[in-house]
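Undergrad: Sending over a structure as structure tokens; questions will come in a sec.
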Amino acid sequence: MIKPSDFYEELKKNELDFYCGVPDSLLASFCAYVHDFSDNNNHIISANEGNAIAIAAGYHLGTNKIPIVYLQNSGLGNAINPLTSLTDAKVYKIPLLLIIGWRGQPGISDEPQHLKQGSITEEQLKLLDIPYHIIGNRSNYKEKIENTVNEIKNTNAPVAILIKKDTFEEYKVKNKKEDLSDLKREEALNCILDLCKSDLIVSTTGKTSREIFELRNNRKEKQRDFLMVGSMGHTSSTALGLALSKPDKRVICLDGDGSMLMHLGSLPIIGQIKPKNLIHILLNNAAHESVGGQPTVADQINFLKLSKSSNYSSYYKASNIEEINSSWQEIKDKEGPIFFEIFIKKGSRKNLGRPSETPEENKFSFINAVNDDS
């Protein structure tokens, strides 16, 4: 396996030292090392992958250097617009190195939400006319980095490196922010399930949905939650569509700060439409929890002002079980959309499992709950 420090130093030897992107589980150790050892002005954790491409383009315009953008292959969808209309060789010819975590690589076991994307990643890059090289734990990464950088210089356009599963040795973030609360996410979710017994729940991707699934099993309750195992950033929009289609039922959106930041424009749309039956819960730990714990900027945002200016009807906050329960006594009788920010600590159980239902089975379990009038 490759030490993140060695990979980082090799990029530096090739005069690449500016990073931006969205953390990925396959790149978690490398991203954690970049976070700990890069100057703040040379490492930007962006809201989404398209933002990262644009930031990198601006950096190149100001320095004439080659920037690095890291992302999971699922994030290529967010990046396609600036890759085709900004950095492409037929437009502005902006050179950059894409370091892409290859989730769902054909022949490698992975979660169902990654299989489609994994199978088409190479074809996507070919369609985009982006040359790529593949690095695994036994690759001669020094040679591949040098060849890739030379190719970028020759073409003056983006070139990608696909990173296979288990390429990097483990490295965990050392420069962590303090926790916003002592409340564990799983404790908060268990409390929310107690308060929302007959409500419809849409939960965000990552550990939130995994914990919801296990909590339902442990509580011996039917699965009545739509688990957004993919599509990061689109939880609140899915919840909005559901709320509009079922105005007689209350809809609970369980969002994460990384997810919300990825497509923050959904908030004013929710506020404009004003679904009375929607409660938007933000589980805020100011971290990309599911992919290594790298920080977000969610601890620097005033979500009271943001939700109010987005025309949400009310805002509440809590940082412990007692405050969740007391806030709920007011929330349950008010019209939405309501924004409820719950501060939680980073971390989860080491033995946390994954949903045993397929995404399609989860969909039908949820549809049954939607149509259950008991």
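Undergrad: Per residue, how many Å² of accessible area does the chain show with a 1.4 Å probe?
TA: 45
Undergrad: Report for the chain the percent antiparallel among DSSP-assigned beta bridges with both residues inside it, nearest 5.
TA: Of those bridges, close to 5 percent are antiparallel.
Undergrad: Still on this structure: Taking only DSSP H segments of four or more residues, each worth -39500 (n - 2.57), what value at 222 nm results for the chain once the sum is divided by all its residues, to the nearest 500 deg cm²/dmol?
TA: Mean residue ellipticity at 222 nm (helix-derived): -12500 deg cm²/dmol.
Undergrad: May I ask which of Lys222/Lys274; Lys249/Lys350; Lys274/Lys317; Lys3/Lys126; Lys116/Lys276; Lys176/Lys350 have a Cα-Cα span longer than 27 Å here?
TA: Going by Cα-Cα distance, Lys222/Lys274; Lys249/Lys350; Lys3/Lys126; Lys116/Lys276 fall outside the 27 Å limit.
Undergrad: For the stretch 86-236, take the alpha-carbon Rg, divide it by the Kirkwood Rh, and send me Rg/Rh.
TA: Result for the stretch 86-236 is an Rg/Rh of 1.09.
Undergrad: Size of the dipole of the chain about the Cα centre, Lys and Arg at +1 and Asp and Glu at -1 on the beta carbon, nothing else charged, in debye to 20?
TA: With Lys and Arg at +1 and Asp and Glu at -1, about 200 debye.
Undergrad: Among rounded, prolate and oblate, which fits the stretch 285-374 when a ≥ b ≥ c are the square roots of the eigenvalues of its C-alpha gyration tensor, a/c under 1.5 means rounded, and a/b larger than b/c means prolate?
TA: Cα axes put the stretch 285-374 in the oblate bin.
Undergrad: What ranking do 359-366, 190-197, 258-265 get when scored by the average of other Cβ atoms within 10 Å per residue, highest first?
TA: 258-265, 190-197, 359-366
Undergrad: Taking Lys165 as the anchor, which aspartates and glutamates have their alpha carbon closer than 14 Å to its alpha carbon, excluding any fewer than eight residues away along the same chain?
TA: Hits, sequence-local ones excluded: Asp24, Asp110, Glu111.
Undergrad: Any idea which of Ile152, Leu127, Gln113 is furthest toward the positive side of the dipole for the stretch 105-227, if Lys and Arg beta-carbons carry +1 and Asp and Glu beta-carbons -1?
TA: Final value for the positive-end residue is Gln113.
Undergrad: Further question on the same structure: Going highest first, how would you order 5-16, 234-245, 169-180 by mean Cβ packing within 10 Å?
TA: 234-245, 5-16, 169-180
Undergrad: To the nearest 0.05, how large is the calculated FRET efficiency for Asp129 and Gln300 if R₀ is 41 Å and r is the Cβ-Cβ distance?
TA: 0.60
Undergrad: Rounded, prolate or oblate: pick one for the chain, where a ≥ b ≥ c are the square roots of the eigenvalues of its C-alpha gyration tensor, a/c under 1.5 means rounded, and failing that, prolate if a/b is larger than b/c, else oblate.
TA: Prolate shape, in that a/c is at least 1.5 and a/b is the bigger ratio.
Undergrad: Which of rounded, prolate or oblate describes the stretch 1-120 when judged by the alpha-carbon gyration tensor and an a/c cut-off of 1.5?
TA: Note, shape of the stretch 1-120 comes out oblate.
Undergrad: Further, regarding this structure: Which aspartates and glutamates have a Cα less than 13 Å from the Cα of Lys90, not counting those fewer than 8 places away in the same chain?
TA: Excluding near neighbours in sequence, the set is Asp129.
Undergrad: Another one. Between Phe37 and Lys317, what is the label-point separation in nm under the 7 Å Cα-to-beta-carbon projection?
TA: Label at Lys317, label at Phe37, 3.6 nm between them.
Undergrad: Amide H neighbours of Ile99 under 5 Å, at least 5 residues apart or on other chains, H built in the peptide plane: list them.
TA: Val69, Tyr70, Leu71, Ile161
The values are calculated or read from the model by the stated rules, or taken from the named source; none is laboratory data. Note that this is a predicted model, so its numbers are computed, not measured. In this analysis, Cβ positions are derived from the backbone assuming ideal geometry, glycine residues included, and neighbour counts consider all displayed protein chains. When the accessible area is computed, the model is the full protein with side chains, heavy atoms only, and any ligands, DNA or RNA have been set aside. Shrake-Rupley method; radii C 1.70, N 1.55, O 1.52, S 1.80 Å.
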